[in-house]
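Presented below is the structure to which this report refers.
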Amino acid sequence: MIYNAAHFHGKNHLAEFGSKCELPIMSTDVASLRKSLQVYKGLVEVSGLINSITDYDELLRAILDVARRVIPSEAASLFLVNDPTGTLDLVIASFAEGEFSEPKISVPRGRGIVGCVAENGEGLLIPDAYSDARFYKDADQKTGFRTRSILCVPLQRDGSILGVLQLLNPREKTAFDLPDLEAFTAYASLTAIAIDKLRAQERMRAQERVERDLAIASDIQTELLSRSVPEVIPGAVFAAHNHAAANVGGDFYNVAVRESGEIYFAIGDVSGKGISASLLMAQTLSAMDYIFAETTGPAEALTKLNLTLSERIVRGMFVTTLIGRILPGSGRVDLASAGHCRPILLRSDGTATEIKTTPALPLGVFPDVAYHQDTTALAAGDWLVTFTDGLSESRQTDDSFFAELIPSTLAKRSFSNPRAVVDALLEAECHHRGNGEQLDDLTILVGGLT
């Protein structure tokens, strides 16, 4: 009995001892489980953000708020890679829940803790910021914030570094620890997915907006050119064709009849392609309408047009153009060129020759340029053929320019109207180019006397 009593007494003693040992273990396990659950809930929340938030700025704010809840911290900041410069720009920071700032701070790659994380693609745990030589202490001095401990992880997506996510000063302890780093790294992976996905959506929406704008610009340009040749031109007839290499282009043509019966016409090519070229093309056409009403001849028209455009043109852009005037009563044709392709005169007897115009600088290069006027004669049945370099420089990779074939394409043929001349050139150019891509805007304007 004594043995048994001693035995039971020993068991009770051991049980009591055991219970005292187990309590702190259970408390630690519960705290760990609670923390894991908190991290898990944060990860689920940011995963939800990927599909729920469609506004970029709202997403960035949510990322910092959730980060500070996943790992309770005094501050959070998000740096994103600036693609043109390669620096890391601080795009948003938070020092209190629901409060955000956008400090103008840029960090070179490889510099400081943020730069090292971006450079190496690995997270850093800094228990004591001021003991780490990489820590940039001036930031605390500027803000008045005292940094103790830092968690800093890269935002990586498909092998590329999008930026860096950073937490400062844990709220419930002196320094961050390894479990915090593991949890924050997982959080950063989901954050990178959210940012990358929303950026892709933004790029898609931006592209859709650009395509809509280009479609509208194309319609406006088509309408503008359709009005550039009057339906009825006393004493003359014209036909035109324009096909831009992209959605919109910089080629143009214009025909205007003066009260005196003089017929002014022009064809031109704005340097470059796309929206910028189309805008300058519209400005040029608009200026021509006023200048043609007042000018005494093509050379003066070019001089006035050059002065007008020189005040508006963007540096590096220019306009080549050919301006002509037909006097139907006499058949006289005056021509002035600003660096444009020389026209072809197709006679009624089937001869096709290039008209030699005096060379001069394109419009917009210098404000003061002297333009010269040349004169030729046009008879009934003759056709004056003008075009842009989209026609003359058309070619396949290994072929010669189509310019060499323009006279022979038209020679020894009879054309009853200017549209037939345009169609013959387009057919020959298409055959010459074959499967080659149209690399430049192509415009043709053909006119003659009736």
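All of the numbers you see were taken from the coordinates with simple rules; none came from a lab. The structure displayed is predicted, hence computed values, not measured ones. Every residue, glycine as well, gets a Cβ built from its backbone with ideal geometry; the counts of neighbours run over all protein chains shown.
Remarks
- Where labels lie 7 Å past Cα in the beta-carbon direction, separation of ALA215 and THR375 in nm: 5.2
- The alpha carbon centroids of segment 318-350 and segment 219-277 are separated by 15 Å.
- Straightening the chain between ARG312 and VAL30 buys 94.2 nm, computed as 0.36 nm per residue apart minus the Cα-Cα spacing.
- From the coordinates of this entry, Cα Rg over 2.2 N^0.38 Å is computed, and it appears in [x] 1.68; [y] 1.07; [z] 0.95 under the label [x].
- Taken along the Cα-to-beta-carbon direction at a fixed 7 Å, the label points for LEU178 and ALA293 span 8.4 nm.
- Maximal additional length on extending the SER226-ARG419 stretch stands at 68.0 nm, based on 0.36 nm per residue less the C-alpha distance.
- Peptides 186-195, 91-100, 255-264, ordered by how many other C-beta atoms sit within 10 Å of their residues on average, highest first, read 186-195, 255-264, 91-100.
- Charge context of GLY115, other residues only, Cβ under 11 angstrom, K/R +1, D/E -1: +2
- The calculated FRET efficiency for the pair TYR130 and TYR56, based on their C-beta separation and a Förster distance of 35 Å, comes to about 0.50.
- Computed from the C-beta positions of THR85 and ALA200, the FRET efficiency with R₀ = 30 Å rounds to 0.85.
- As a proxy for reagent exposure, HIS431, HIS340, HIS241 were ordered by neighbouring Cβ count within 10 angstrom, fewest first; the result is HIS431, HIS241, HIS340.
- With each label modelled as a point 7 angstrom along the Cα→C-beta vector, the LYS137-GLU119 pair spans 2.1 nm.
- Protection-proxy order for peptides 116-123, 75-82, 152-159, 246-253, each taking the mean of Cβ atoms within 10 Å per residue, highest first: 246-253, 75-82, 152-159, 116-123
- Rounded, prolate or oblate (a/c below 1.5 giving rounded, otherwise prolate when a/b exceeds b/c) for segment 32-201 by Cα gyration tensor: rounded
- The helix-only estimate of mean residue ellipticity at 222 nm for the chain, built from DSSP H runs of length n ≥ 4 each weighted as -39500 (n - 2.57), is -14500 deg cm²/dmol after division by the residue total.
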